[in-house]
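To start, the structure under review is shown below, and the notes come after it.
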2 protein chains.
Amino acid sequence: MEEKGILQAMPVMLAPFTDPLNHEVSEAAIQYGSQTLRLTKSMILHKFIMLMGKGVDAVFIVSPNVRLESEDCKDSGRHLIEFSQVDIEMKGKDKRAFMDLTEELYVKMIAGLKHTCPDELAYFRRKLTTPTRPFKVYESKELLRKYGEGWEGILSKASSEPFWVLDHTREFYDREDEKRRGYYHNYDLIYPEGFGEALSGGEREYVYDEVIRKMDERKMDREPYGAYLELVRQGKIPRTSGGGFGVERLLRWVTGSSHIEEVTLFPRVPGKHIVI
Amino acid sequence: MEEKGILQAMPVMLAPFTDPLNHEVSEAAIQYGSQTLRLTKSMILHKFIMLMGKGVDAVFIVSPNVRLESEDCKDSGRHLIEFSQVDIEMKGKDKRAFMDLTEELYVKMIAGLKHTCPDELAYFRRKLTTPTRPFKVYESKELLRKYGEGWEGILSKASSEPFWVLDHTREFYDREDEKRRGYYHNYDLIYPEGFGEALSGGEREYVYDEVIRKMDERKMDREPYGAYLELVRQGKIPRTSGGGFGVERLLRWVTGSSHIEEVTLFPRVPGKHIVI
């Protein structure tokens, strides 16, 4: 990150608004005086705001993300109600620029790990292959046609290297193509060998009318987002692209562990009693 | 940290127990299923538990700390209801070992900052002096006799370099002398020029009977600490020393800012409405 001029910022855990997410989780909030403060689901909107800073071209944050998933995810092997996310965002960049950065980062991480931690990898009986660049790129709608709803798991199991999947219909802040409605300029990075989703990200919406249209389409209550929306309205939020990856999912993949709780010091597995 | 073999661990924000702290703050907790999960006030007890790990000799964690202080602290210039703490703990070490590590860290940070950020320091019109080792060491009871209750502020204002103050009556987990009851083997590092407290830490209690005695003296409800106490009872928690410093207070001192909110991206000042 330092080499690339990506500045580290400290996380916040409590704010009037947080990531609305693409799927339902139980509300996690506390009351302080007259304010409802929501626990951070991701730093997404706050990282957009950080990039308003003059001379701040890119940021990263390592932050706890709290997502109170239901007990259904208990055995997925890759869900925690609290995990650590490395969130990155770059000003004035498109999706390919972020994908390139991510590929470079993953290649460095895996090559570095093989070099510095051979004993640890041997302990886990894990043979890792440094990924080949550029990673393969798929379109989600093609995968859906070819493999059906379970495409992610099927292709992840069939692959030996991480790959990209483009175009996911999700949160309001991921950029939808102006001319081709329903096409999203976003991406997921998927781990091979059945380990599934590694990273999500995209180019972002920063034009007020688009942001409002998409929040309304998603029937979102705009009220908690007031201060953020005012910055968008004033044109202060820059054009960006970015993404975030979970630290524990990365560890699960590199160690080849079957459940994420095996590589987490204090695992918070959905529906499971938390001891420590 | 890397040079010293101090391993970085990820923080947790939700747990059945957290730091009881030495002063009253409003409760911050959420409900998940049948469990009450408390927001992290500090990683103190979790870092003791991390050091149970074989081959884990020292750890550090950068974690958000949530402390819902009352509005009274609004104008102190150095309180936030959420801040980032760098928490460090070392196995089998005494207080002097931790104080030495801290001094080395602060000397490196200040010398490094002067070298790499001259423009930023000029922007803040800040002339920093690299501290001289060893830092001065005072005893709190002597300072109390000499300056009265306000000793910290008085001596901080009168000093031009950071200094140590030993022996503070506080949380159950700081080691009390076996032969000299009421004497605590702990320390605060105090910034000069009126900036006040930088870091708190100490040698720790790890003997079950002492832990229980001190929790009872403090009229603590032991119930939430059940799993931790069981580890202490089984003798699994090692002897350690450590401490933690606030990132924003460090920034306030190095920039010479009057209020901590000036050096915090998303300030959460006690009693003040949170906008973003």
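The values are calculated or read from the model by the stated rules, or taken from the named source; none is laboratory data. Just so it is clear, the model here is predicted, and its values are computed rather than measured. Glycine also receives a Cβ, built like all others from the backbone with ideal geometry; neighbour counts cover every protein chain displayed. Just so you know, the surface numbers come from the protein's heavy atoms only, side chains and all, with ligands and any DNA or RNA stripped out. Shrake-Rupley method; radii C 1.70, N 1.55, O 1.52, S 1.80 Å.
Do we have any residue at all in the stretch A:254-276 that's in contact with a helix residue (DSSP H, G or I) (Cβ under 7 Å, 6 or more places away or on another chain), of a type in the set (Gly, Ala, Ser) and over 30 Å from B:Ala15 (Cα atoms)?
No, there is no match, as no residue in the stretch A:254-276 is in contact with a helix residue (DSSP H, G or I) (Cβ under 7 Å, 6 or more places away or on another chain), of a type in the set (Gly, Ala, Ser) and over 30 Å from B:Ala15 (Cα atoms).
What pairs can you find where one residue is in the stretch A:15-40 and farther than 25 Å from A:Lys214 by Cβ, the other is among the hydroxyl-bearing types (Ser, Thr, Tyr) and open to solvent by 10 Å² or more (accessible area, probe 1.4 Å), and their Cβ atoms are less than 8 Å apart, with a gap of 6+ or different chains?
That search, which allows pairs on different chains as well, returns A:Ile30/A:Thr36; A:Tyr32/B:Ser26.
Do we find a residue being within 13 Å of chain A (Cβ to nearest Cβ) and either open to solvent by less than 40 Å² (accessible area, probe 1.4 Å) or under 25 Å from B:Ile6 (Cα atoms) (or both) anywhere in the stretch B:183-201?
No, because not a single residue in the stretch B:183-201 is within 13 Å of chain A (Cβ to nearest Cβ) and either open to solvent by less than 40 Å² (accessible area, probe 1.4 Å) or under 25 Å from B:Ile6 (Cα atoms) (or both).
Given the criteria away from every other protein chain (no Cβ under 14 Å), surrounded by 14 or more Cβ atoms within 10 Å (Cβ to Cβ), aliphatic (A, V, I, L, M) and touching a residue at least 12 places away in the same chain (Cβ under 8 Å), does B:Ala227 qualify? Before the answer, list the steps.
Working: away from every other protein chain (no Cβ under 14 Å): no; surrounded by 14 or more Cβ atoms within 10 Å (Cβ to Cβ): yes; aliphatic (A, V, I, L, M): yes; touching a residue at least 12 places away in the same chain (Cβ under 8 Å): yes.
Spelling it out, it is not the case that B:Ala227 is away from every other protein chain (no Cβ under 14 Å), surrounded by 14 or more Cβ atoms within 10 Å (Cβ to Cβ), aliphatic (A, V, I, L, M) and touching a residue at least 12 places away in the same chain (Cβ under 8 Å).
Would you confirm, using the coordinates I've provided, whether B:Arg133 is of a type in the set (Lys, Arg), modelled with pLDDT of 95 or more, open to solvent by 60 Å² or more (accessible area, probe 1.4 Å) and under 20 Å from B:Asp188 (Cβ atoms)?
Working: of a type in the set (Lys, Arg): yes; modelled with pLDDT of 95 or more: yes; open to solvent by 60 Å² or more (accessible area, probe 1.4 Å): yes; under 20 Å from B:Asp188 (Cβ atoms): yes.
Against the criterion (of a type in the set (Lys, Arg), modelled with pLDDT of 95 or more, open to solvent by 60 Å² or more (accessible area, probe 1.4 Å) and under 20 Å from B:Asp188 (Cβ atoms)), B:Arg133 qualifies.
Does at least one position in the stretch A:134-145 carry a residue that is assigned to a loop (DSSP other than H, G, I, E, B) and not aromatic (Phe, Trp, Tyr)?
The answer is yes; a qualifying residue exists.
Residue check: is A:Gln8 within 11 Å of another protein chain (Cβ to nearest Cβ), at pLDDT 95 or above and surrounded by fewer than 19 Cβ atoms within 10 Å (Cβ to Cβ)?
Criteria met by A:Gln8.
From B:Ile154, B:Ile190, which residue is more than 14 Å from B:Glu103 (Cβ to Cβ) and among the β-branched types (Val, Ile, Thr)?
None of the other options fit; the residue is B:Ile154.
Do the conditions hold for A:Pro20, that is, is it in contact with a helix residue (DSSP H, G or I) (Cβ under 9 Å, 6 or more places away or on another chain), within 25 Å of A:Lys236 (Cα to Cα) and more than 14 Å from chain B (Cβ to nearest Cβ)?
Judged against the criteria, A:Pro20 is a match.
Could you say whether any residue in the stretch B:236-254 is among the basic types (Lys, Arg), buried (at least 19 other Cβ atoms within 10 Å of the Cβ), touching a residue at least 24 places away in the same chain (Cβ under 8 Å) and in contact with a Phe, Trp or Tyr (Cβ under 8 Å, 6 or more places away or on another chain)?
yes
Give all pairs with beta carbons closer than 6 Å in which a residue from the stretch B:176-191 that is of a type in the set (D, E, K, R) meets a residue that is open to solvent by 30 Å² or more (accessible area, probe 1.4 Å); count only pairs at least 6 apart in sequence or on separate chains.
Short answer, once both residue conditions are applied: B:Asp188/B:Glu197; B:Asp188/B:Ser200.
Would you confirm whether or not the stretch A:210-217 contains a residue that is over 20 Å from the mean Cα position of the chain (by Cα), assigned to a loop (DSSP other than H, G, I, E, B) and among the basic types (Lys, Arg)?
Going through the stretch A:210-217, the residues over 20 Å from the mean Cα position of the chain (by Cα) turn out to be A:210, A:212-213, A:216-217.
Filter once more, keeping what is assigned to a loop (DSSP other than H, G, I, E, B): none.
Looking for residues that are over 20 Å from the mean Cα position of the chain (by Cα), assigned to a loop (DSSP other than H, G, I, E, B) and among the basic types (Lys, Arg), one finds none in the stretch A:210-217, hence no.
Just give me the residues in the stretch B:172-198 being hydrophobic (A, V, I, L, M, F, W, C) and in contact with a strand residue (DSSP E or B) (Cβ under 8 Å, 6 or more places away or on another chain), in sequence order.
Filtering the stretch B:172-198 down to residues hydrophobic (A, V, I, L, M, F, W, C) leaves B:172, B:189-190, B:195, B:198.
Residues satisfying the conditions are B:Leu189, B:Ile190, B:Ala198.
Evaluate the stretch A:150-161: report whether one residue or more is open to solvent by less than 70 Å² (accessible area, probe 1.4 Å), assigned to a loop (DSSP other than H, G, I, E, B) and under 25 Å from A:Lys91 (Cβ atoms). Walk me through how you get there before you give the answer.
Initial filter on the stretch A:150-161 (open to solvent by less than 70 Å² (accessible area, probe 1.4 Å)): A:150-153, A:155-156, A:159, A:161.
Applying the additional criterion that residues be assigned to a loop (DSSP other than H, G, I, E, B) yields A:150, A:159, A:161.
With the extra rule that they be under 25 Å from A:Lys91 (Cβ atoms), the set shrinks to none.
No: the stretch A:150-161 contains no residue that is open to solvent by less than 70 Å² (accessible area, probe 1.4 Å), assigned to a loop (DSSP other than H, G, I, E, B) and under 25 Å from A:Lys91 (Cβ atoms).
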